[in-house]
């Protein structure tokens with residue numbers, strides 16, 4: 001192993017040059033020589049590509065990662081539940097660092113000890129900008145793996161709702177649902193329907209729930225509805241929760257609810273035409289049935305269906321937390337929204353406007369796709 005400059009003239013009695021003792025040795029070296037030692041610690045949730053950027057940035061500072069403590073990707077064992085953990089340590093002429101990264105739940109921690117001069121402020125800001133501190137919820141999608149279905153963490157798309165974009169009635173129902181949906185005794189129903197024609201703000205409202213509710217969110221494609229109550233999904237949710245509980249931000253013993261989100265879920269709630277429909281049973285079981293209570297699942301479904309086309313079992317009191325109906329904005333409301341976005345623009349002639357209409361006016365004039373969501377839609 002290379003002996004860096006600060007290894008020379010170590011205090012008496014400190015003979016080990018094992019890399020696992022490098023922080024201890026460096027601190028003692030600092031005390032003996034009077035050279036300043038700066039200590040930093042960063043931890044949080046991070047996307048894989050951002051984790052790689054941070055490690056590459058430290059390499060640019062002179063750190064070389066020459067010893068890997070361990071890397072695991074086992075199946076069915078306790079270690080395997082913390083899938084793909086990488087732990088490494090590094091030395092440089094400036095000091096030492098150690099870090100760990102879990103590819104399953106994207107948790108990352110790094111400790112840095114530097115001699116003589118601190119990390120530059122822009123460098124610290126760079127690290128902090130990529131680490132999500134004290135993340136209170138996660139967003140997942142289902143993916144196929146060699147071992148079957150698993151939950152894959154994706155970008156958290158939560159954002160506060162823009163109150164000016166909605167009517168008072170919609171805002172009141174949003175507040176009610178935010179306060180009651182995750183009730184531990186399930187007294188207020190576990191199913192939320194967002195209804196209204198395209199472009200009226202349903203997707204933005206979903207972002208608002210992801211931002212406000214303390215839960216883990218799973219975006220479910222409508223094609224998966226029939227299999228949601230099957231054993232593979234149940235096992236996937238149980239294993240996902242076990243892995244999530246290794247995260248420093250989940251208090252041990254407190255399982256957060258899963259909120260399943262299905263956009264354009266018309267087929268899963270459409271009125272039955274004289275035959276049984278397993279999709280409706282699945283929605284009810286996962287949101288308000290015994291299975292849903294065991295798995296701690298709730299359901300938010302957006303739909304373009306009018307209320308009279310939704311199955312009566314879905315609308316039954318006690319099962320349904322709320323139906324939030326989105327409508328076009330009046331001209332006065334639309335003017336306020338447009339003025340906030342760009343007060344140089346004017347509404348065309350017309351009485352009613354959707355949010356998509358208003359954002360379309362801004363985008364067409366500016367050439368930018370302002371506030372479009374991840375899927376290129378406005379609502």
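Any idea how far the Cα center of region 284-340 sits from the one of region 33-52, in Å? Taking the Cα centre of each part, region 284-340 and region 33-52 sit 44 Å apart. Here, region 320-360 is characterised by an Rg to Rh ratio of 1.10, where Rg is the alpha-carbon radius of gyration and Rh the Kirkwood radius. With no solvent and one equal point scatterer per Cα, compute the Debye intensity ratio I(q)/I(0) for region 103-237 at 0.13 Å⁻¹ and report its log10, rounded to two decimals. Treating every Cα as an identical point scatterer, log10 I(q)/I(0) equals -0.78. More than 16 Å apart: what percent of Cα pairs in region 162-244 qualify? Percent of Cα pairs beyond 16 Å in region 162-244: 64.
Taking the Cβ-Cβ separation of residue 41 and residue 164 as r and a Förster radius of 25 Å, what is the calculated FRET efficiency to the nearest 0.05? Calculated value: 0.05.
Only counting other Cβ atoms within 10 Å, I'd like 37, 96 sorted with the fewest neighbours first.
Working: 37 18, 96 23.
By the 10 Å Cβ count, ascending: 37, 96.
How large is log10 of I(q)/I(0) for region 144-325 at q = 0.08, 0.11, 0.15, 0.18 Å⁻¹ when the intensity is taken from the Debye formula with one equal scatterer per alpha-carbon? For region 144-325, the Cα-only Debye profile gives -0.24, -0.46, -0.88, -1.28.
Each value in this text was obtained by applying a stated rule to the coordinates, not by laboratory testing. Worth saying up front: this structure is predicted, and the values here are computed from it rather than measured. Positions of Cβ are backbone-derived with ideal geometry, glycine not excepted, and every protein chain shown enters the neighbour counts.
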